[in-house]
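Nothing in this text is a laboratory measurement; each read-out follows from the coordinates by a stated rule. Note that the structure is predicted; figures quoted are calculated from it, not measured. Here Cβ is always computed from backbone atoms with ideal geometry, including for glycine, and neighbour counts include all displayed protein chains.
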Amino acid sequence: MGSIFQKIIDREIPATIVYEDDEALAFKDINAAAPLHVLVIPKRPIVSLGAMSADDAQLVGHCLFVCKQVADAAGFSDFRVVTNSGEGAGQSVFHLHFHVLAGRPLKWPPG
Ligand code: 5GP
């Protein structure tokens, strides 16, 4: 069964999509943690960064470039990209996604 993000790709549930191409999709997080909080996902359903294979490297690199484009388009030169890989790291949706966060002070290290 597909994840909730597969349903967003398939337009079975709504999302505010901010970028799309053949390989990737970017949409606003439903529970924004910053003024800019967008999720960038590959359309191919890789489970997590920890589950990626060498064959996925180009696609994952493309997703990171999309993260930069999303920040650019929103007018942010300073931003954070985070991916939680595995339940213990806070992953709750098991379709690889990169959080793009900006628009407030971002402390380091994260909690
Ligand atoms: P994770 O905890 O896996 O790193 O991040 C999952 C993110 O997906 C969370 O920030 C959560 O708010 C977001 N999310 C979960 N369900 C939906 C949904 O149906 N639509 C959107 N736009 N975001 C979602």
**Message:** Could you identify which residue out of VAL70, VAL82, VAL60 has the top mean-square fluctuation in a GNM of the chain using Cα springs shorter than 10 Å?
**Reply:** VAL82
**Request:** Determine the relative contact order of the chain: mean sequence separation of Cα pairs under 8 Å and six or more apart, normalised by residue count, in whole percent.
**Result:** 31
**Message:** Are there any trypsin sites (Lys or Arg not before Pro) in region 4-111 that are in a DSSP loop and have at most 11 other Cβ atoms within 10 Å? List them by number.
**Reply:** ARG11, LYS107
**Asked** Picking from PHE79, PHE94, PHE65, which is most flexible by a Gaussian network model of the chain using Cα springs under 10 Å?
**Response** PHE65
**Max mean-square fluctuation residue, GNM over the chain, Cα-Cα springs under 10 Å, options GLY50, GLY88, GLY75** = GLY88
**Request:** Please work out the Kirkwood hydrodynamic radius for region 4-102, using every pair of different C-alpha atoms, and report it in angstroms with one decimal place.
**Result:** 13.5
**Prompt:** Under 16 Å from the Cα of LYS68, which lysines turn up, not counting those fewer than eight places away in the same chain?
**Reply:** LYS28
**Fill in**
The aspartates and glutamates whose Cα lies under 20 Å from the Cα of LYS7, excluding any fewer than 8 residues away in the same chain, are GLU20, ASP21, ASP22, GLU23, ASP29
